[in-house]
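Have a look at the structure below before the remarks.
The values are calculated or read from the model by the stated rules, or taken from the named source; none is laboratory data. Given the structure is predicted, the values throughout are model-derived calculations rather than measurements. Don't worry about glycine lacking a Cβ; one is built from the backbone with ideal geometry, like all the others, and counts go over all protein chains shown.
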Amino acid sequence: MSLDAAGQEIVKEMENQLNRNYFLKGIKVLFKQPLALVGFAIILIQIILAVGANWLTAYDPTAQDLSHVNLPIGSEHHWLGTDNYGRDMWSRLIYGARISLIIGFTSVSLGTIAGTILGLLAGYFRVLDGIIMRISDLMFAFPGILLALLIVAILGSSLVNVVIAISIWSVPSCARIVRGNVLTVKKQEYITAMRSLGAGHLRIIFKHILPNSLAPIIVFGAMHMATAILSTSSLSYLGLGADPATPEWGAMISNGQQYMWQAPHLVIIPGIAIALVVFAFNVVGDALRDVLDPNMNIDQL
Amino acid sequence: MFAMIIRRMVQLVFLLIGITFIVFMAMHIAPGDPASIIGGPTATKTDIIQIRERLGLDRPIIIQYLDYLNGLLHGDLGISFQTNRSVAEEIWIRLPNTVNLAVASVIVSILIGIPLGIISALKRNSWLDVFSTTVSLGGISVPHFWLGAIFILIFAVHLKWLPVGGLHAPFWTPQGFKEIILPAITLGTGSAAMTARMTRSAMLEIIRADFVRTARAKGVKERAVIWVHCLRNAMIPVVTVIGLNFGGLLGGTIITEQVFAINGVGRLMIESISARDFPMVQGGVLLIATIFVVINLLVDIVYALIDPRINYD
Amino acid sequence: MKKSKKVMGLVLSVLFFIGLVLTGCSNQSSESSSGKSSGKSNTPQEITYASTSKVVGLSPIMTNDSVSANVITQIYETLFVKDPDTMEIKPNLAESYENPDPKTWVIHLRKNIKFTDGTPFNAEAVKYTFDKLRDPKTGAPRASLLAAVDTITVKDDYTVVIKTKQPYGPMLAALAHYNSSIVSPTADKKQDLMKKPVGTGPFMLKEWVAGDHITLVKNPNYWKGAPKLDKVTFKVVPDVNTAISMLQTGDVDFLDGIPAEQWSRVQGMAGVKTLKKTGTPVSYLGFNVRHKPFSELKFRQAIAYAIDRDAYVKQLNGLGTKSNSIIGPKVFGYDPSAEKVGYEYNPEKAKQILKENGWEGMTIHMLVANTPGYMKMGEIVQDQLKKVGLKVDMQTMEWGTFLDVSKQDKFDITFLGWSNSTADGSELLYPNLHSDNIGASNVTAYNNPEFDKLVNESRFTVDQKVRKKKLDEANKMAIKDAPWIVMNHGVVTLAYRDNVKGLNIDPTGEWSLYPVYKE
């Protein structure tokens, strides 16, 4: 399957131009948006806390100390206080940062990979389009949290199953987005050119269509990180998420709610953490969309 | 257009049958036995066997499914395992509350989202833009159950302005209005962000459109340009998003109903899933899915009517 | 210039959110004077109660959950009742009874009582009710309550004769249980009692919005005299925080079963009074004795030594008492000497036993239902076992799944409770630890023929003295053998607005609204 050298050159040039424009514009726009910068900063801090959790605290996040329960913020030895089992809130907070990153990242990657593959197939091969889109309609008809509830009910409640539930839930929307994009890209001249030059389907899909569909996938991923983290906490509130000893932020809130009146920090600290992180992923997703979506914002610069 | 509607209706029927099959099988595969839940921890083996027989759970699963499907085709959603009431009746009692909440929160999201969206579009990249984006995205970022609990604490328990929970009247009546404020704001802030975002980008696009430029060039006052020309045209995509949101909200009410003690379909679903009340879960999912699909269809039809460029055939 | 404005916008919005959160926190210190109700003389005699889950149905035959029971006990009555303070069983709809032989119960009924649909209460109604409860076709969740019964005959209009297969000790306790409430036969044939209940009790159903609330009104012809309350509303409020806030604002007049975490909040509320009593419920850690090494007494002892139950009970804020005895102080068959039998906290000894037998570092699969009470036990025990060198893999699941899974062989240790609603020791030891019930209510699969024999002896005699002695022996045997480690005995609680009078709760957690009124 040899390509005509000149043809290849043209195709490359076209792609390069597209890509270079994106990235140059992207970086410029991002740095002009203070919110996006704040978002990046929050995510960066979260990553630092998550990675460095072992070094940033002397306490095991699950170790109880029943003689020092519900200590308030600013206590000696526990600057963020302790929870109702005397566990150090700071170490629960930063280990929680790790958990929420892992949950968000794995569920988004799993969902996005599956969704992307389905979307590519549906968009590229007309034969598969009908069946894949009908299945995704079927899944769309279940409201998100209800779908997750059903899945967790079937699989049992654990963090792994929450991840699975959230991934499955994100598959259809990702598939749709990718499919839409593939349909547009497919019509572009250079793809038609490649086809006439005899390129194979897989090669076209993975080397040319996929890279050009990355923009919406990345935007979707960033936005969905926010949804994933938020949904995990909602499932934990309904008692279907992490086991209660795990320092998962949502589980921390639902556990702390019982003590809201004596020890409000049990609810407020993880609540603010979730809100900040979800907010960060939302603004970053928003900014990425502004940058990567070529249909609008041409004159945003 | 007409052909499209017919085709979608036919698809809807198959979609719903597919959903009943999946939910039916999923519920039966799931660990947890409705009979041992009804029996409770005190039940003996004989108790449980007798309950299973009464519920018909001792029959082969395919027979149970066909039996269910047969009932469904005759418009019978079955009887709840738990309460012995008809599933349709149980849902019918709760549906108004959920719709009430969903509509009220859509209104809240419009009241918050559209002004914020307009402000950020008109004052693009100013501090007002940053402020309104932060507020709308902040709303979507806070967990509902957390926000709800804090609202109850402030406005119901301490200030005593509003009732703690419950919903017993439509939101336009005085009682219903008081009851709905907190839940509607809790739920509405989430979708407000989406509405704001959509309004902003639609406005931006319209402002740049030719006819607006023409209007400006013709010397139409700036205010009139914005309110008459831009806003009206920008509302088309916004209405779509609101419509789609509404479908999603019916499922999203689950958490809010739980926190504010609202007797809605979402809460019924949680209870029924955890009680393994199979007919109830199937009926509820079927209803929510139907509403969702129908709203989608309506949105598409409205869209096609408004925008002649779209061709579904 | 433009940039600084953007920064200003950002700062503004951050301040906005901080402000929101702060109002949430700061407001909470500024209460305390609120919530005082004005004492009017003509208070409407209406009362509202909230439960966290819905009432499933109102037929005593077809339900077996405490939320439905709360309403059912206001509408229906049983032949016998337990005294809420002494737990002594007294006749109610029955007038008296005698045992001509140990297998025969002749029960004389009270005359001139009518169901609220006008049907007379008589021997026919009693026979109808009990036969329906026992009938396998009914599929009643608590059919086993009368499993010992052989035949029920109507001797005359007001005399019922119940014959049992063997002498049956806990008969009266079973007849005092709400599941053996007498229903109106005419109503039951005509309608579904789950939706339209008819009993002889002080209240009748007025309105029921499924899942939201139930309204009862007084039965003006109640045979003991009409109740003082005109109207009672049972609301459903799924979130317990919301329910307690409603009590604080007066939207709800009383609550029961206050969670330990909320107890101090409720106690500190202006205008709210609380009541607590040692109750019959028991919560325990159970070993799956089918698994090794859980089948070995030594291992179970090591775990018992490793658990600091004092520290755990302290977390219950007074809503739970520590005891070694499986049969609790309010349950028939309890003797204080049982307290000396069990194993006290001794982590060193636990480590030693584990070390001697090579069990150190072992991983235990712990199954926990995801209700707050059991999760608390799970979390604390997990940590304490970690401290003696065991690894605990904790699996939480919904109650519905748990009920199913716990009956199978899929865990090493778990936590469960027993409400002892009959307050009779035989009704605790037989279902939970007798080998007849392995695969059902005996989740630990404890199988000890000697113990079985003692429990049977306590069941198959009507001599209450002999029963008590046998139960005490069985109790001590089980404590030593440790298939269970008792985590705590329950405390039953009520919290009510201070204008509610006459409210009382019995150790099984039941309350009657008959004597209640509002000031």
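Quick check on C:LEU193: is it assigned to a loop (DSSP other than H, G, I, E, B), of a type outside the set (Val, Ile, Thr) and under 26 Å from C:LEU133 (Cα atoms)?
yes
Could you check segment C:369-397 and list, in sequence order, the residues that are within 9 Å of another protein chain (Cβ to nearest Cβ) and closer than 18 Å to A:VAL152 by Cβ?
C:ASN370, C:THR371, C:MET375, C:MET394, C:GLN395, C:THR396, C:MET397 - these are the residues of segment C:369-397 that are within 9 Å of another protein chain (Cβ to nearest Cβ) and closer than 18 Å to A:VAL152 by Cβ.
Per-residue answers, yes or no, for (1) assigned to a helix (DSSP H, G or I); (2) under 20 Å from B:GLY75 (Cα atoms); (3) modelled with pLDDT under 90; (4) charged (D, E, K, R):
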| position | (1), (2), (3), (4) |
| --- | --- |
| B:ALA261 | no, no, yes, no |
| B:ARG267 | yes, no, yes, yes |
| B:GLU271 | yes, no, yes, yes |
| B:ILE288 | yes, yes, yes, no |
| B:ILE295 | yes, no, yes, no |
| B:VAL299 | yes, no, yes, no |
| B:ALA304 | yes, no, yes, no |
| B:ASN311 | no, no, yes, no |
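List pairs: first residue in segment B:201-224 and closer than 25 Å to B:VAL239 by Cβ, second residue at pLDDT 75 or above and of a type in the set (D, E, K, R) anywhere in the structure, Cβ distance under 8 angstrom, at least six positions apart or on different chains.
B:LEU204/B:ARG124
Here's the yes/no breakdown for (1) in contact (Cβ under 8 Å) with a residue 40 or more places away in the chain; (2) surrounded by fewer than 23 Cβ atoms within 10 Å (Cβ to Cβ); (3) more than 30 Å from B:PHE260 (Cβ to Cβ):
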| site | (1), (2), (3) |
| --- | --- |
| B:ARG7 | no, yes, yes |
| B:VAL10 | no, yes, yes |
| B:LEU15 | yes, yes, yes |
| B:GLY32 | yes, no, no |
| B:SER36 | no, no, yes |
| B:ASP47 | no, no, yes |
| B:ASP58 | no, yes, yes |
| B:ALA102 | yes, no, no |
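Somewhere in segment C:109-121, is a residue surrounded by 15 or more Cβ atoms within 10 Å (Cβ to Cβ) and closer than 25 Å to C:SER66 by Cα?
Looking through segment C:109-121, at least one residue is surrounded by 15 or more Cβ atoms within 10 Å (Cβ to Cβ) and closer than 25 Å to C:SER66 by Cα.
Just for segment C:410-437: of the residues that are acidic (Asp, Glu) and within 14 Å of another protein chain (Cβ to nearest Cβ), which one is surrounded by the most Cβ atoms within 10 Å (Cβ to Cβ)?
First pass over segment C:410-437, keeping only residues acidic (Asp, Glu): C:412, C:424, C:427, C:436.
The next check asks that each one be within 14 Å of another protein chain (Cβ to nearest Cβ); those that pass are C:424, C:427, C:436.
Working: C:ASP424: 30, C:GLU427: 24, C:ASP436: 16.
Selected residue: C:ASP424.
Please enumerate the residues belonging to segment C:387-443 that are free of Cβ contacts under 8 Å to residues at least 40 places away in the same chain, farther than 30 Å from C:ASP463 by Cβ and assigned to a strand (DSSP E or B).
Within segment C:387-443, C:LYS391, C:VAL392, C:ASP393, C:MET394, C:GLN395, C:THR396, C:MET397 qualify.
Quick one: in segment B:115-165, which of the residues that are out of contact with any Ser or Thr (no Cβ under 9 Å at 6 or more places or on another chain) and in contact (Cβ under 8 Å) with a residue 60 or more places away in the chain is surrounded by the most Cβ atoms within 10 Å (Cβ to Cβ)?
Of everything passing the filter in segment B:115-165, B:LEU122 is surrounded by the most Cβ atoms within 10 Å (Cβ to Cβ).
Does any residue of segment C:186-206 turn out to be polar (S, T, N, Q), buried (at least 22 other Cβ atoms within 10 Å of the Cβ) and under 19 Å from C:VAL56 (Cβ atoms)?
No: zero hits.
Which condition from (1) on the phi > 0 side of the Ramachandran plot; (2) surrounded by 16 or more Cβ atoms within 10 Å (Cβ to Cβ); (3) of a type outside the set (Ser, Thr, Tyr) is the one that A:GLY96 breaks?
(1)
Among the residues of segment C:164-187, what is the count of those that are of a type in the set (D, E, K, R) and at pLDDT 95 or above?
The total comes to 0.
Quick grid of which residues meet (1) more than 21 Å from C:ALA423 (Cα to Cα); (2) surrounded by fewer than 22 Cβ atoms within 10 Å (Cβ to Cβ); (3) at pLDDT below 95; (4) acidic (Asp, Glu):
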residue	(1), (2), (3), (4)
C:GLY439	yes, yes, yes, no
C:GLU457	no, yes, yes, yes
C:VAL462	no, yes, yes, no
C:GLY490	no, no, yes, no
C:ALA495	yes, no, no, no
C:GLY502	yes, yes, yes, no
C:PRO507	no, no, yes, no
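What number of residues within segment B:37-59 are more than 7 Å from every other protein chain (Cβ to nearest Cβ), charged (D, E, K, R) and within 12 Å of C:GLY139 (Cα to Cα)?
Count: 1.
Results for (1) at pLDDT 75 or above; (2) of a type outside the set (A, V, I, L, M, F, W, C); (3) over 34 Å from the mean Cα position of the chain (by Cα), shown as yes or no for each residue.
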position: B:THR199; (1), (2), (3): yes, yes, no
position: B:LEU204; (1), (2), (3): yes, no, no
position: B:PHE211; (1), (2), (3): no, no, yes
position: B:GLY219; (1), (2), (3): no, yes, yes
position: B:TRP227; (1), (2), (3): no, no, no
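Would it be correct to say that A:ALA165 is of a type in the set (A, V, I, L, M), buried (at least 22 other Cβ atoms within 10 Å of the Cβ) and part of a helix (DSSP H, G or I)?
Taking the combined requirement at face value, the residue satisfies it.
Sort out which residues of segment C:148-186 are of a type outside the set (Ser, Thr, Tyr) and either assigned by TED's automatic domain parsing to the domain that holds C:THR233 or in a strand (DSSP E or B) (or both), and write them in order of number.
Residues of segment C:148-186 that are of a type outside the set (Ser, Thr, Tyr), as a first pass: C:148-150, C:152, C:154-157, C:160-163, C:165-167, C:169-177, C:179, C:182-183, C:185.
Listed by number, the residues that qualify are C:VAL149, C:ASP150, C:ILE152, C:VAL154, C:LYS155, C:ASP156, C:VAL160, C:VAL161, C:ILE162, C:LYS163.
Which residues, counting only those in segment C:73-90, are surrounded by 21 or more Cβ atoms within 10 Å (Cβ to Cβ), in a loop (DSSP other than H, G, I, E, B) and in contact with a strand residue (DSSP E or B) (Cβ under 8 Å, 6 or more places away or on another chain)?
Within segment C:73-90, just C:LEU79 meets the criteria.
Does A:ASN54 meet the test of being at pLDDT below 85 and surrounded by fewer than 17 Cβ atoms within 10 Å (Cβ to Cβ)?
Here the answer is no, as A:ASN54 does not meet what is asked.
Please determine whether any residue of segment B:111-121 is of a type in the set (S, T, N, Q) and under 30 Å from A:SER236 (Cα atoms). Please lay out each step first, then the result.
Step one: list which residues in segment B:111-121 are of a type in the set (S, T, N, Q), which gives B:120.
Filter again for under 30 Å from A:SER236 (Cα atoms), leaving none.
Looking through segment B:111-121, none of the residues is of a type in the set (S, T, N, Q) and under 30 Å from A:SER236 (Cα atoms).
Can you pull out the residues in segment C:209-227 that are touching a Lys or Arg at 6+ places or on another chain (Cβ under 8 Å), away from every other protein chain (no Cβ under 14 Å) and either in a strand (DSSP E or B) or touching a residue at least 40 places away in the same chain (Cβ under 8 Å) (or both)?
C:LEU216, C:VAL217, C:LYS218, C:ASN221, C:TRP223, C:PRO227
Given the options C:VAL126, C:VAL149, C:VAL154, name the one that is touching a residue at least 40 places away in the same chain (Cβ under 8 Å), among the β-branched types (Val, Ile, Thr) and on the phi < 0 side of the Ramachandran plot.
On inspection, the qualifying residue turns out to be C:VAL126.
Of B:ALA196, B:ALA234, B:ALA217, which residue is more than 12 Å from chain A (Cβ to nearest Cβ) and buried (at least 22 other Cβ atoms within 10 Å of the Cβ)?
B:ALA234
Look at B:VAL87 and say whether it is in contact with a strand residue (DSSP E or B) (Cβ under 8 Å, 6 or more places away or on another chain) and at pLDDT 85 or above.
yes
Inside segment B:1-36, can you point out the residues that are in a loop (DSSP other than H, G, I, E, B) and under 17 Å from C:ARG142 (Cα atoms)? Give the steps one after another, and end with the answer.
Start the filter on segment B:1-36 by keeping residues that are in a loop (DSSP other than H, G, I, E, B), which leaves B:1, B:30-33.
Answer for segment B:1-36, where residues must be in a loop (DSSP other than H, G, I, E, B) and under 17 Å from C:ARG142 (Cα atoms): just B:ASP33.
When you look at A:VAL162, is it away from chain B (no Cβ under 13 Å), under 30 Å from A:PRO247 (Cβ atoms) and either in contact with an Asp or Glu (Cβ under 9 Å, 6 or more places away or on another chain) or of a type outside the set (S, T, N, Q) (or both), yes or no?
yes
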